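Each reported figure results from applying straightforward, stated rules to the coordinates on display, with no laboratory input. Being a predicted model, the structure only gives us computed values, none of them experimental. Neighbour counts run over all protein chains shown; Cβ positions are idealised from the backbone, glycine included.
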Amino acid sequence: MAGNGTGTEPYVVEVRDLRAGYGSHSALEDVSFTIEPGCLAGLVGPNGSGKSTLLKVMLGLHRPWRGEVLTYGRYGRPERGRVGYMPQSELVDWAFPVTVAQVVLMGRYGRIGLVRQPGRRDRETAMAALERVRLADRAGRMIGELSGGEQRRALIARVLAQEADLLLLDEPLAGLDATAQHDLLRLFEELRREGKTLFVATHDLSCVAADFDHVVLLNRRVIAFGRPADVFTEENLSAAFQRHLFVLPQGTTIIGP
Amino acid sequence: MSEIADFLRDPWTFEFMRRALLAAMVVSAVAAVVGSFVILKGMAFIGDALPHASFGGVAVAFVLGANLYLGGAIAAVVTALLIGFVSRRGLIKYDTAIGILFVGAFALGVMIVSTQRNYTGDLFSFVFGNIFAVSWNDVWTTAALSTVILILVVLFYKEILFVAYDPSMAAASGLPVAAIQYGLLALVGVTTVIGLQTVGIVLVVALLVTPAATAQLLTRRLPPMMAVGALVGVLSSLAGLYIAYYADVAASAAIVLTATGFFALAFLFAPERGLLWQRRFVPAERA
């Protein structure tokens, strides 16, 4: 698997023989893959396939049973500020009384340090991130007043404000309409051109097939890993999605719930 | 005119009333600030649990002849930390951990008290509060602890906000989430203990929850919510003590019921969110 690199360029992330779970329930088994620098990589699998758990292990938020994660050559918890994270939007408390600007400013908190207050540069970075997702005019609104798509963009702005090199995004495309998805994919493209590395958990096979460099197909184990064209074979997909996948005669693929 | 002035002034000619007012105002203001986090995190149950748990510590201190408040505070903080510890293992849900631990600590208090022959006076005042018995020493202790709590909330406001809003993102950003969560629980614990003397174990949860919930109906952002909650708490203390003085009823109950009244008013009449407002102007559906 490591053979297609040049050998001089280190991987951004190397995951080796990872096993993880909760209590006695195993969520990930023998997971190994690598992410190359400046690459837009997808993490695809059905619900309950361990995508969120994998991201949490990579962030150092969940301790694996065995195996290891190397991020920028470092074991365990990544260096502070290098890895940005966007949680699934279902996990965010949208009724909380904070403004959009405050939510985005939280992306800076890890860098600011305890007790100290955000400075002008932090505010400017947060505003620039909001402009980038075209939410600058909503900065003063309460986060709960935004529409679903706008809330998603606010979370994207927050992860941009972190100014991390590697972005781990949990289901950023879910529930967006076609235009919003298109805008977001264009933003991913821009970020990649700026040298960022993105690892995006998603259900959306067609987006990954069209725009992503690499994909990890996961269902507790890594079913396949590589370029989308090589990974998305009918055999691999049905191994990953089992009966949730329906291949229509026209060649369109639909993923069930 | 002077009759009204006399009516308003009369209670405060007594020093015990002035002390009671000062203690009640300070406690209810700080409880509203801490209580804002309590209600936003759905932690009202823990606000109910910690004062009960503190009873175990109060009883132990009573038997040992130590300071009852110190005993209560230690028991509340230890229970808060144990609740955090047990639930963080992920095997038992948060509210289950609270239920088990606070009843355990409370039962310990009841058991210890049941071995004593002459416990009625002092310990009874912990259950229902005895605000007219506060000494200047109690007032200053309350004020000092409240100041410390407020300073900690201001200093760590950014961190508490982030962890309360989105703990997984906060952890991913490198914040010491566990320490901040334990710290917030400890703050709730200390706040409830300083509220014990004012309104007692049974009613102290009202100081944490009711003014903050009233303020939530009237404000949109967190800092104004804390300020309005503190104001509601202070006004409830003032009105409650007038009622207690003139109607000769229990001060703790009068303070809490006044706060409940403020909440009912806000629930009915709050602009845009009140029940009556929504009847008259049906708001546009949110996207």
Segment B:ARG9-B:SER135, extension gain: residue separation times 0.36 nm, minus the distance between their alpha carbons: 43.3 nm
Top of B:GLN216, B:GLN181, B:GLN116 by mean-square fluctuation, Gaussian network on chain B, Cα under 10 Å: B:GLN116
Shielding by other protein chains, A:137-149, mean Cβ within 10 Å: 1
Whole-Hz ³J(HN,Hα) from phi, Karplus 6.51 cos²θ - 1.76 cosθ + 1.60, for segment B:41-47, glycine and proline x: 8, x, 9, 4, 4, 6, x
Phi to ³J(HN,Hα) by Karplus 6.51 cos²θ - 1.76 cosθ + 1.60 over segment B:160-170, Hz, x for Gly, Pro: 4, 4, 5, 5, 5, 6, 8, x, 6, 5, 4
Length-normalised contact order for chain B - Cα pairs under 8 Å, 6+ apart - percent: 28 percent
GNM flexibility winner over chain A from A:ARG80, A:ARG16, A:ARG153 (Cα, springs under 10 Å): A:ARG80
Chain lengthening between B:THR115 and B:ARG273 when straightened (0.36 nm per residue, less Cα-Cα): 51.7 nm
Chain A: calculated mean residue ellipticity at 222 nm from DSSP helix runs of at least 4, using -39500 (n - 2.57): -10000 deg cm²/dmol
5 angstrom amide H check on A:TYR85, placed H, neighbours 5+ away: A:LEU168
Rg/Rh ratio calculated on Cα atoms of segment B:25-279 (Kirkwood radius): 0.98
Exposure proxy ranking, count of Cβ atoms within 10 Å, fewest first, for A:VAL200, A:VAL69: A:VAL69, A:VAL200
For A:THR202, B:THR210, order by how many other beta-carbon atoms lie within 10 Å, fewest first: A:THR202, B:THR210
Backbone HN-Hα couplings from phi across segment B:86-93 [Karplus 6.51/-1.76/1.60, Hz, Gly and Pro as x]: 5, 6, 6, 5, x, 8, 10, 5
Spin-label pair A:GLU235/A:GLU131, simplified geometry with 7 Å Cα→Cβ offset, distance in nm: 5.2 nm
Ascending count of other beta-carbon atoms within 10 Å, so fewest first, for B:MET111, B:MET225: B:MET111, B:MET225
Semi-axes of the equivalent ellipsoid for the protein assembly as shown, Cα gyration tensor, largest first, Å: 52, 26, 20
Where GluC sites (Glu not before Pro) in DSSP loops with at most 11 other Cβ within 10 Å are excluded, longest remaining stretch of chain B: B:1-271
Nonlocal amide H pairs with A:ALA224, under 5 Å, H built at 1.01 Å: A:LEU217
Residue list for segment B:16-42, given a label point 7 angstrom along the Cα-to-Cβ vector of B:LEU155 and an amide N cut-off under 18 Å: B:34
Loop-resident sites, segment A:119-181, for GluC sites (Glu not before Pro), counting at most 16 other Cβ within 10 Å (DSSP): A:GLU163
Count of Lys pairs (Cα-Cα under 25 Å; at least 8 positions apart or interchain) in the protein assembly as shown: 8
Peptide A:114-122, shielding by other chains (average Cβ, 10 Å cutoff): 2
Within segment B:157-201, chymotrypsin sites (Phe, Trp or Tyr not before Pro) in DSSP loop having at most 16 other beta-carbon neighbours inside 10 Å: none
